[in-house]
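The values are calculated or read from the model by the stated rules, or taken from the named source; none is laboratory data. Quantities reported herein were computed from a predicted structural model and do not represent experimental measurements. Note: ideal-geometry Cβ built from the backbone for every residue, glycine included; neighbour counts use all protein chains shown. Note: areas computed on protein heavy atoms with side chains; ligands, DNA, RNA excluded. Shrake-Rupley method; radii C 1.70, N 1.55, O 1.52, S 1.80 Å.
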Amino acid sequence: MSRGRGVLLILVTIVVVGAVGVGLRYDATRTERDLSDASAEPFVSPVNGGPRAVFIGDSYVSGAGATDLGHRWSSLLSAKKLWTEDNIGIGGTGYALAAPGCGAERCGSFQEMADYAVTLNPPIVVVAGGNNDFEEFVRDPTDIVNAIYDTMGILRSGLPTARIIAVGPSAAAEVPPFVTIYEGVVRDAVNAVGGEFVSLTEPDVIEADMLAPDGVHVDDRGHAAIARAIDQALR
């Protein structure tokens, strides 16, 4: 581990523990780990005529909550940008969290899926999410911080000329302090490899009434809001 990352880990640990100490509550039931959609179709490649874009992420990326895959935010964004989409998002995963037995061909963490994305040799990679890492991040951020940095490092090392875009985690309505801290780690990690960062919390993109009936994912309006926010940030 580099000295710089070691110092970062110490600072992040202090800040997260401090946030918890002043009354931050984390509700593990608000993640997607226990949801049945973890095996949703992981790989769809609609051709929009433009460069290939690989999307790595969790169930928000794979399209949970949308009425169909054409309404998920990654597909809406790809249509807007004329990207050819390869979606390898898997429900229940995070930068450090895999989803064993998800029912898909690959059930790896973002870090593991980054290795696979390199074999596809795309000119664009989008990594999005992180909500499923929150419980471990609050408990001890060390493994999560390392996984975030390693994911970006794998992508840049394997795809030296690719456009790497990291989209931070989301929160409906109020944004807890630890989400802001987590987002800052993702921002620093992607910036370190010359990539781009998009925030979904500054300003907060997801409103409470955009949540699907499960209370975890977003509906079509939420997916559309995410797509618009990313499109505007990348202009």
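Going residue by residue through the range 72-86, is there one that turns out to be closer than 25 Å to ARG228 by Cα, open to solvent by 10 Å² or more (accessible area, probe 1.4 Å) and of a type in the set (D, E, K, R)? Within the range 72-86, one or more residues are closer than 25 Å to ARG228 by Cα, open to solvent by 10 Å² or more (accessible area, probe 1.4 Å) and of a type in the set (D, E, K, R). Is at least one residue of the range 53-74 out of contact with any His (no Cβ under 8 Å at 6 or more places or on another chain), among the hydroxyl-bearing types (Ser, Thr, Tyr) and touching a residue at least 40 places away in the same chain (Cβ under 8 Å)? Yes. Taking the stated definitions as given, is ASP220 open to solvent by 30 Å² or more (accessible area, probe 1.4 Å), on the phi < 0 side of the Ramachandran plot and touching a residue at least 24 places away in the same chain (Cβ under 8 Å)? Here the answer is yes, as ASP220 does meet what is asked.
Total residues in the range 128-166 satisfying the condition of being among the acidic types (Asp, Glu), more than 16 Å from the chain's Cα centre (by Cα) and surrounded by 18 or more Cβ atoms within 10 Å (Cβ to Cβ): the figure is 0. Within the range 93-125, restricting attention to residues that are under 25 Å from GLY49 (Cα atoms) and without any contact (Cβ under 8 Å) to a residue 40 or more places away in the chain, which residue is surrounded by the fewest Cβ atoms within 10 Å (Cβ to Cβ)? Looking at residues that are under 25 Å from GLY49 (Cα atoms) and without any contact (Cβ under 8 Å) to a residue 40 or more places away in the chain, I get THR119. Restricting the first member to the range 145-156 and to residues that are more than 12 Å from GLU112 (Cβ to Cβ) and touching a residue at least 60 places away in the same chain (Cβ under 8 Å), and the second to residues that are open to solvent by 10 Å² or more (accessible area, probe 1.4 Å) and not β-branched (Val, Ile, Thr), the beta-carbon pairs closer than 7 Å and six or more apart or on different chains are VAL145/LEU8; VAL145/LEU9; TYR149/ARG5.
Within the range 167-183, how many residues turn out to be touching a helix residue (DSSP H, G or I) at 6+ places or on another chain (Cβ under 8 Å) and surrounded by fewer than 17 Cβ atoms within 10 Å (Cβ to Cβ)? Qualifying residue count for the region: 2. The single condition among (1) modelled with pLDDT of 85 or more; (2) open to solvent by less than 50 Å² (accessible area, probe 1.4 Å); (3) polar (S, T, N, Q) that THR31 does not meet is (1).
Regarding ALA192, is this residue surrounded by 18 or more Cβ atoms within 10 Å (Cβ to Cβ), out of contact with any Leu (no Cβ under 8 Å at 6 or more places or on another chain) and either modelled with pLDDT of 95 or more or within 22 Å of ILE144 (Cα to Cα) (or both)? When the stated conditions are applied, ALA192 does not pass them. Considering only the range 75-92, state which residues are in a loop (DSSP other than H, G, I, E, B) and without any contact (Cβ under 8 Å) to a residue 40 or more places away in the chain. The answer is LEU82, and nothing else. Across the range 53-70, which residue is surrounded by the fewest Cβ atoms within 10 Å (Cβ to Cβ) among those that are in a helix (DSSP H, G or I) and of a type in the set (A, V, I, L, M, F, W, C)? The extreme case among them is LEU69. In the range 195-208, the residues that are surrounded by fewer than 18 Cβ atoms within 10 Å (Cβ to Cβ) reach residues that are of a type in the set (A, V, I, L, M) and not in a loop (DSSP other than H, G, I, E, B) with C-beta atoms within less than 6 angstrom, at least six apart or across chains, in these pairs: GLU196/ILE165.
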